[in-house]
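Before any comments, here is the structure.
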There are 2 protein chains.
Amino acid sequence: MTSGAFLAIDWGTTNRRVYRIEEGMVAATERDALGVTAVGDFAGELVAIRARFGDLPVLMAGMVGSTIGWREAAYVAAPAGLDDLGDHLLRIDERTAIVPGVSFVDGRRGDVMRGEEVQLLGAVAGGLAPAEAMLVQPGTHCKWVEMTGGRIARFTTAMTGELFGLVRSHGILAAQLSADVALGDAFLEGAREGARRDLTASLFGIRAAKLLGLRDDADAASFASGLIIGADVAARVAAHEFDTAYILADPMLGGLYAAAVEANGRTATIVDSHAAFVAGITRLGAFLS
Amino acid sequence: MTSGAFLAIDWGTTNRRVYRIEEGMVAATERDALGVTAVGDFAGELVAIRARFGDLPVLMAGMVGSTIGWREAAYVAAPAGLDDLGDHLLRIDERTAIVPGVSFVDGRRGDVMRGEEVQLLGAVAGGLAPAEAMLVQPGTHCKWVEMTGGRIARFTTAMTGELFGLVRSHGILAAQLSADVALGDAFLEGAREGARRDLTASLFGIRAAKLLGLRDDADAASFASGLIIGADVAARVAAHEFDTAYILADPMLGGLYAAAVEANGRTATIVDSHAAFVAGITRLGAFLS
C-alpha cells in the first residue's frame, strides 16, 4: 500500500466519482451514474470499488451520508472547518468513513449542505480562494458561503437550478424555454430584471413578451436563466458585504454566475471545483487513520 | 325576447360559466368544465347553449378570445375602460361577440389579461370598488391592477398560484407540501419571510427546516403559500402607492391575500367577484346591439 494512499468517493444523488489519492495527488479517477438512488447494497459496491481501484481506506462525501444514502452522518454545525469535519467522520468500519454535512441555524431559519463542504473548504485549504471570502457553488441548489478564518461561517442555499428546471419542464412557460442558455444580451437583460427581485411577476413577463412580440422567443430560455440567477445574486449582494465572489463551477455555469455578479457591481473569479475537492478530501484523508 | 336580455359566457381555459342576463340581473346561470381546451366546435356549442338558455344575443369573455379559443380578439392597450372594450368587441356575427383582453407595455416589459378585465372594470362600475384603487385578482396568475378614473391604467401579473403548484407537484419540496393551506401562524410566518423577496433561498429553507426539525412539517404547505403570496404582495407594496387592496376572490384565497396585505401594513377589502363580473358584462351587453 502506497503511504497515505486512500480512495475518495464523491457520492451524490445521481452521480458518483471515485478517486485514488496518492501523496495528495489523483492517481486514478472514474465517474459513473451510480448515485445513491441507484444503489441498494453499499457494502457490495465498496467491495467492487476496492477491487478496481485498490484495497485501500475509503472516505466518502455527499448524499451517501444522508437518509437516502448508506448511513446518516449528523450535520456539523457552522462555523465548521476541515478539522471539525475530520473529527466527526461517521465510521463504517476501521478503514471506511463518511464526511458529515454542515448545518447553519439563525433563529427559525436553517440551512444544510452535504457534499459541497469538501469542495468549499478544499478551495481555501488548497489556496484557490482566500480564508476570508464569499464562495459560490452554483447548481440545482446554489450554495453561497461566507468563509471566515478558512471555516464555513454561514451560508444560504438558493434553489435556482431547481426553479429553472421546474419552469422549463412544467407549466405555462415550458414551451418557450427549450433552447440552450447562452451568455449574451438576453441573459444579461434577464439578470437586470431579476435584480428587481420580483420573480413571480418577471416570470409571467416571459409569457407576456411572447404574446406581445416584445422579445425574440428564441432568447426566452437565456432571459429566464438570467432572471432566476440574477434574483439570487441580487439578494446575496443586498445581504452580504463582499467584493469578489469565488465561484466553484464549470466554465459554462460559472460564466453565467460571474456575469450576473458583475452586473451587480461585484467581481467574480472562477475556481477549479475539481481541484478544490481533491484539496479538501486529501486533508480529510489524514483523519482516516 | 326580454328587453335587453342576452347570454354572457365567462369562457376560460378549463371552465365555463353561462349566464342569462335580464334587465341587469342574473336570471339563470350554470357552470361546467367545458373550457376552451375541451371544445372543438364553438359554433355548435353556442347552438346548444342557446337551446338551453334562450335564443338571445351572446357576449363571451376570457380565453375563448385567445389563440387557443374560438377566434383571437386583439388586446386593447391600457388605459382601458368598459367603453374601450365595448368599442372593440370582436364580432362573430350580428348578435355574437367576444370581449377583447387588455395589454400594458412599459418599455421592454409587457403584460396581458384576458377575462379578468370584465370583473375588474365591473367591480368599479358596480360600485364594489372605487374608481381610483388597487384591485387584486388572485389565482394561478395573480393580477394587480391600478384603476384610474375607473379605467385599467396599468397592471402586473405574478404567477403566484402557478409557482405554488409547481413546487407542490414537482421537485424536492413536493413531498412536504401535500397538506391543505390554512390561514394561521405558519402562513403568516411565511408571508413575513416572503417579504424578504428572496424566493429561491426561502423555498430551500422549507427543505432545511424539515431536515433540522425547525418547523412542524405539517405546516410546510401553509408556510410555502405564505412565502409565495408574501413575496408577491411585498413587491407590489414596494412599487405602488395604495392604502387598500380590493381583492376579487372567494373568501379562502381572498383571506390569504388579505392577511398578506395586512402583514405588509396596508388594508384589504374582499369584493364579490361574481357580482363584479355580472356588473361588468351587463354594461358591455349594451354594446352588443
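The values are calculated or read from the model by the stated rules, or taken from the named source; none is laboratory data. Only a predicted model underlies this, so the values are computations on that prediction, with no experimental measurement involved. Positions of Cβ are backbone-derived with ideal geometry, glycine not excepted, and every protein chain shown enters the neighbour counts.
Consider the stretch A:137-175. How many of its residues are over 17 Å from A:S103 (Cβ atoms) and away from chain B (no Cβ under 13 Å)?
Here the count works out to 2.
If you scan the stretch A:269-286, which residues turn out to be of a type in the set (A, V, I, L, M, F, W, C) and out of contact with any strand residue (DSSP E or B) (no Cβ under 8 Å at 6 or more places or on another chain)? Reasoning before the result, please.
So in the stretch A:269-286, the residues of a type in the set (A, V, I, L, M, F, W, C) come out as A:270-271, A:275-279, A:281, A:284, A:286.
A:A275, A:A279, A:A286 - these are the residues of the stretch A:269-286 that are of a type in the set (A, V, I, L, M, F, W, C) and out of contact with any strand residue (DSSP E or B) (no Cβ under 8 Å at 6 or more places or on another chain).
From the list A:A245, A:A224, A:A231, pick out the single residue that is at pLDDT 95 or above, out of contact with any Gly (no Cβ under 9 Å at 6 or more places or on another chain), buried (at least 21 other Cβ atoms within 10 Å of the Cβ) and among the hydrophobic types (A, V, I, L, M, F, W, C).
Values: A:A224 fails: out of contact with any Gly (no Cβ under 9 Å at 6 or more places or on another chain); A:A231 fails: out of contact with any Gly (no Cβ under 9 Å at 6 or more places or on another chain).
Of the residues listed, the single one that is at pLDDT 95 or above, out of contact with any Gly (no Cβ under 9 Å at 6 or more places or on another chain), buried (at least 21 other Cβ atoms within 10 Å of the Cβ) and among the hydrophobic types (A, V, I, L, M, F, W, C) is A:A245.
Return the residue satisfying two criteria in turn: it lies in the stretch B:161-184 and is touching a residue at least 12 places away in the same chain (Cβ under 8 Å) and in a helix (DSSP H, G or I), and of such residues it is surrounded by the fewest Cβ atoms within 10 Å (Cβ to Cβ). Full working, then the answer.
We begin by selecting, within the stretch B:161-184, every residue touching a residue at least 12 places away in the same chain (Cβ under 8 Å); these are B:161-165, B:167-168, B:172-173, B:176-184.
If we keep only those that are in a helix (DSSP H, G or I) too, we end up with B:161-165, B:167-168, B:176.
Details: B:G161: 19, B:E162: 23, B:L163: 26, B:F164: 20, B:G165: 16, B:V167: 24, B:R168: 19, B:Q176: 21.
Going through the qualifying residues, I end up with B:G165.
Using the structure shown, decide if A:E94 is within 24 Å of A:E241 (Cβ to Cβ), away from chain B (no Cβ under 14 Å), charged (D, E, K, R) and surrounded by fewer than 24 Cβ atoms within 10 Å (Cβ to Cβ).
On the way: within 24 Å of A:E241 (Cβ to Cβ): no; away from chain B (no Cβ under 14 Å): yes; charged (D, E, K, R): yes; surrounded by fewer than 24 Cβ atoms within 10 Å (Cβ to Cβ): yes.
For A:E94, the condition - within 24 Å of A:E241 (Cβ to Cβ), away from chain B (no Cβ under 14 Å), charged (D, E, K, R) and surrounded by fewer than 24 Cβ atoms within 10 Å (Cβ to Cβ) - is not met.
Determine which member of the set A:L211, A:L199 is without any contact (Cβ under 8 Å) to a residue 40 or more places away in the chain, within 30 Å of B:A74 (Cα to Cα) and either among the aromatic types (F, W, Y) or surrounded by fewer than 20 Cβ atoms within 10 Å (Cβ to Cβ) (or both). Before you say what the answer is, go through the steps one by one.
Details: A:L199 fails: either among the aromatic types (F, W, Y) or surrounded by fewer than 20 Cβ atoms within 10 Å (Cβ to Cβ) (or both).
Just one listed residue meets the conditions, A:L211.
Give me the residue from the stretch A:244-266 that is among the charged types (D, E, K, R) and over 14 Å from the mean Cα position of the chain (by Cα) and, out of that set, nearest to A:F223 (Cα to Cα). Reasoning before the result, please.
Within the stretch A:244-266, the subset among the charged types (D, E, K, R) is A:250, A:262, A:266.
Still in the list and also over 14 Å from the mean Cα position of the chain (by Cα): A:262, A:266.
Working: A:E262: 17, A:R266: 21 Å.
If we take residues in the stretch A:244-266 being among the charged types (D, E, K, R) and over 14 Å from the mean Cα position of the chain (by Cα), then A:E262 is nearest to A:F223 (Cα to Cα).
Considering only the stretch B:89-104, how many residues are closer than 12 Å to B:L46 by Cβ, of a type outside the set (A, V, I, L, M) and in contact with a strand residue (DSSP E or B) (Cβ under 9 Å, 6 or more places away or on another chain)?
To start, the set of residues in the stretch B:89-104 that are closer than 12 Å to B:L46 by Cβ comprises B:92-93, B:95-98.
From the residues that got through so far, the ones that are of a type outside the set (A, V, I, L, M) too are B:93, B:95-96.
Going one step further and asking which of them are in contact with a strand residue (DSSP E or B) (Cβ under 9 Å, 6 or more places away or on another chain), we end up with B:95-96.
Of the residues in the stretch B:89-104, 2 are closer than 12 Å to B:L46 by Cβ, of a type outside the set (A, V, I, L, M) and in contact with a strand residue (DSSP E or B) (Cβ under 9 Å, 6 or more places away or on another chain).
Considering only the stretch B:190-289, give the helices (runs of 4 or more DSSP H) lying wholly within it that have at least 2 residues that are away from every other protein chain (no Cβ under 14 Å) and of a type in the set (A, V, I, L, M).
Details: elements: B:199-212, B:220-239, B:251-263, B:273-285.
Once the helices (runs of 4 or more DSSP H) in the stretch B:190-289 are filtered for at least 2 residues that are away from every other protein chain (no Cβ under 14 Å) and of a type in the set (A, V, I, L, M), what remains is B:251-263, B:273-285.
Just checking, does the stretch A:30-42 include any residue being under 21 Å from A:A276 (Cβ atoms) and either small (G, A, S) or in a loop (DSSP other than H, G, I, E, B) (or both)?
Yes: the stretch A:30-42 contains one or more residues that are under 21 Å from A:A276 (Cβ atoms) and either small (G, A, S) or in a loop (DSSP other than H, G, I, E, B) (or both).
Looking for whichever is acidic (D, E) and in contact with a helix residue (DSSP H, G or I) (Cβ under 6 Å, 6 or more places away or on another chain) here; the options are A:D41, A:D111, A:D87, A:D106. Which one fits?
Exactly one residue qualifies, and that residue is A:D111.
Which one of A:V47, A:V99, A:V112, A:V39 is crowded, with 21+ Cβ neighbours inside 10 Å and farther than 30 Å from B:R192 by Cα? I'd like the intermediate steps shown before the answer.
Details: A:V47 fails: crowded, with 21+ Cβ neighbours inside 10 Å; A:V112 fails: farther than 30 Å from B:R192 by Cα; A:V39 fails: crowded, with 21+ Cβ neighbours inside 10 Å.
Within the list A:V47, A:V99, A:V112, A:V39, the selection yields A:V99.
Evaluate the stretch A:72-89: report whether one residue or more is surrounded by 22 or more Cβ atoms within 10 Å (Cβ to Cβ), within 14 Å of chain B (Cβ to nearest Cβ), within 20 Å of the chain's Cα centre (by Cα) and in contact (Cβ under 8 Å) with a residue 60 or more places away in the chain.
Taking every residue of the stretch A:72-89 in turn, at least one turns out to be surrounded by 22 or more Cβ atoms within 10 Å (Cβ to Cβ), within 14 Å of chain B (Cβ to nearest Cβ), within 20 Å of the chain's Cα centre (by Cα) and in contact (Cβ under 8 Å) with a residue 60 or more places away in the chain.
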